[in-house]
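Quick note: the coordinates plus some simple rules give every number you see, no bench work behind them. Everything quoted here is computed from the prediction, not taken from an experiment. Every residue, glycine as well, gets a Cβ built from its backbone with ideal geometry; the counts of neighbours run over all protein chains shown.
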Amino acid sequence: MDNCLFCKIVRGEIPSKKAYEDEDLLAFHDIHPQRPVHILVIPKRHITSLTDATPADVPVLGKMLQVAQQLAVDNGSPNGFRTIINTGPIGQQEVMHLHMHIVGGPEPVGPMLKRF
């Protein structure tokens, strides 16, 4: 995906503050953090969203969850964290490349959703 923001980060065309990288994943610090710990984890291969994931993507999706704990601990959230994957317009996905937010820090992150 030539114009995808996160694909450009994977290719090194846009700089990022890397937190983790292997052959399948890249994790980097959010440029507008909402919490003391706010890291994005993305598959290096473009997957638009969870609605586009296939059974072949299960290993990389599992790996995203597996590295979340160590990233949270290593970056200052040893007592817990929240993972968030926004999906599609209803889920408020802003960048159309699957990504998981890891948010945390020394204080609780607050309620998950506001009641409507």
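Annotations for the structure displayed:
- Which listed residue is buried (at least 17 other Cβ atoms within 10 Å of the Cβ), under 13 Å from the mean Cα position of the chain (by Cα) and basic (Lys, Arg), from 35, 82: 82
- Qualifying residue in the range 6-28 (condition: in a helix (DSSP H, G or I) and either at positive phi or in contact with a His (Cβ under 6 Å, 6 or more places away or on another chain) (or both)): yes
- Conditions (1) surrounded by 12 or more Cβ atoms within 10 Å (Cβ to Cβ); (2) aliphatic (A, V, I, L, M); (3) assigned to a helix (DSSP H, G or I); number of the one not met by residue 41: (3)
- Of all the criteria given as (1) closer than 26 Å to residue 110 by Cβ; (2) among the hydroxyl-bearing types (Ser, Thr, Tyr); (3) outside any loop (DSSP other than H, G, I, E, B), the one not satisfied by residue 77 is (3).
- Some residue of the range 70-79 being of a type in the set (A, V, I, L, M, F, W, C), surrounded by 11 or more Cβ atoms within 10 Å (Cβ to Cβ) and in contact with a Phe, Trp or Tyr (Cβ under 8 Å, 6 or more places away or on another chain): yes
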